[in-house]
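**Student:** Input: one structure, supplied below.
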Amino acid sequence: MNNAVTLKGRKEGFQLILHSSASFEKILEEIKELKVQLKNDTQTGHELNFYVKTGNRELTDSEKKQIEDIIVDDHFSISSFQSDVISIEDALKLHQASRPRLEVRTVRSGQILDAQGDLLLIGEVHPGGTVRATGSIFVIGELKGIAHAGFSGNESAIVLANFRHNAQVRIGGNVHVIEKSEGNSEQSDEIKFVCVNDLHIIEVSPLHDLKTIRPEIGKHSGGLF
């Protein structure tokens, strides 16, 4: 008869593999038996950790609690639950975060446009207007207000725009003011991007350096390049 649970030793403790085809009742039964065996066979004065791998089974909070009630005591603990599948809700969140949000509009003074993941804005950001995204911001139009990329703390995000007007760019907790006089006036129509470099300093770079400085841009689903 096939086991419902497989136990493997690892440096940090034990990996507990729950087989997807087994009933949850059978899994609980075998976990109880394994714990008794481990207590009899293991001579240890320190706590042992379990890393529970559920394979193609997504455990509910109630099911995790039942496993924890069996395993966790003064000598045994659970460090993590790991599954090869995710819920539909989590999958939708990942999909939403992996594709840029497209907005065609004008962000006027006092308005704030928020986006999860990357934001592609076709339109204008007036002075006093703000666009914010947890990912990168790409502006096709005039940026005269504030663009805050990675506003949840992602310093690998960028802001790409035509910086021919005064504007304020923020990436994570870093702030940089773009002044109209920056750069050569002959290149005022050149599209550039703003990023945080390896020294954790904001820098403005030409578009052709994007693949070198941020090679991950466009690698994910829904990429722009």
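**Student:** Select from the stretch 57-68 the residues that are in contact (Cβ under 8 Å) with a residue 24 or more places away in the chain and in contact with a strand residue (DSSP E or B) (Cβ under 8 Å, 6 or more places away or on another chain) and list them in ascending order. Reasoning before the result, please.
**Tutor:** Of the residues in the stretch 57-68, the ones in contact (Cβ under 8 Å) with a residue 24 or more places away in the chain are 57-59, 63, 66-67.
Within the stretch 57-68, ARG57, GLU58, LEU59, ILE67 meet the criteria.
**Student:** Could you check the stretch 69-91 and list, in sequence order, the residues that are touching a strand residue (DSSP E or B) at 6+ places or on another chain (Cβ under 6 Å) and either farther than 16 Å from LEU16 by Cα or among the charged types (D, E, K, R) (or both)?
**Tutor:** Selection gives ASP84 alone.
**Student:** Somewhere in the stretch 61-73, is a residue part of a loop (DSSP other than H, G, I, E, B) and within 30 Å of THR6 (Cβ to Cβ)?
**Tutor:** yes
**Student:** Which residue out of HIS148, HIS176, HIS165 is in a loop (DSSP other than H, G, I, E, B) and surrounded by 15 or more Cβ atoms within 10 Å (Cβ to Cβ)? Break it down stepwise before answering.
**Tutor:** Values: HIS148 fails: in a loop (DSSP other than H, G, I, E, B); HIS176 fails: in a loop (DSSP other than H, G, I, E, B).
Matching residue, one of HIS148, HIS176, HIS165: HIS165.
**Student:** Six or more apart or on different chains, Cβ atoms under 7 Å: show the pairs whose first residue is in the stretch 1-13 and assigned to a strand (DSSP E or B) and whose second is exposed (fewer than 10 other Cβ atoms within 10 Å of the Cβ) and hydroxyl-bearing (Ser, Thr, Tyr).
**Tutor:** none
**Student:** Can SER98 be described as assigned by TED's automatic domain parsing to the domain that holds LEU38, surrounded by 13 or more Cβ atoms within 10 Å (Cβ to Cβ) and either among the hydroxyl-bearing types (Ser, Thr, Tyr) or modelled with pLDDT of 80 or more (or both)?
**Tutor:** Numbers: assigned by TED's automatic domain parsing to the domain that holds LEU38: no; surrounded by 13 or more Cβ atoms within 10 Å (Cβ to Cβ): yes; either among the hydroxyl-bearing types (Ser, Thr, Tyr) or modelled with pLDDT of 80 or more (or both): yes.
In short, no.
**Student:** Name the residues in the stretch 114-130 that are part of a strand (DSSP E or B) and either more than 14 Å from ALA157 (Cα to Cα) or of a type in the set (Ser, Thr, Tyr) (or both), would you?
**Tutor:** Here is the first cut: in the stretch 114-130, the ones part of a strand (DSSP E or B) are 114-115, 119-122, 125, 130.
Of everything in the stretch 114-130, those that are part of a strand (DSSP E or B) and either more than 14 Å from ALA157 (Cα to Cα) or of a type in the set (Ser, Thr, Tyr) (or both) turn out to be ASP114, LEU121, ILE122, VAL125, THR130.
The values are calculated or read from the model by the stated rules, or taken from the named source; none is laboratory data. Everything quoted here is computed from the prediction, not taken from an experiment. No Cβ is skipped: glycine too gets one built from the backbone with ideal geometry, and neighbour counts run over all protein chains shown.
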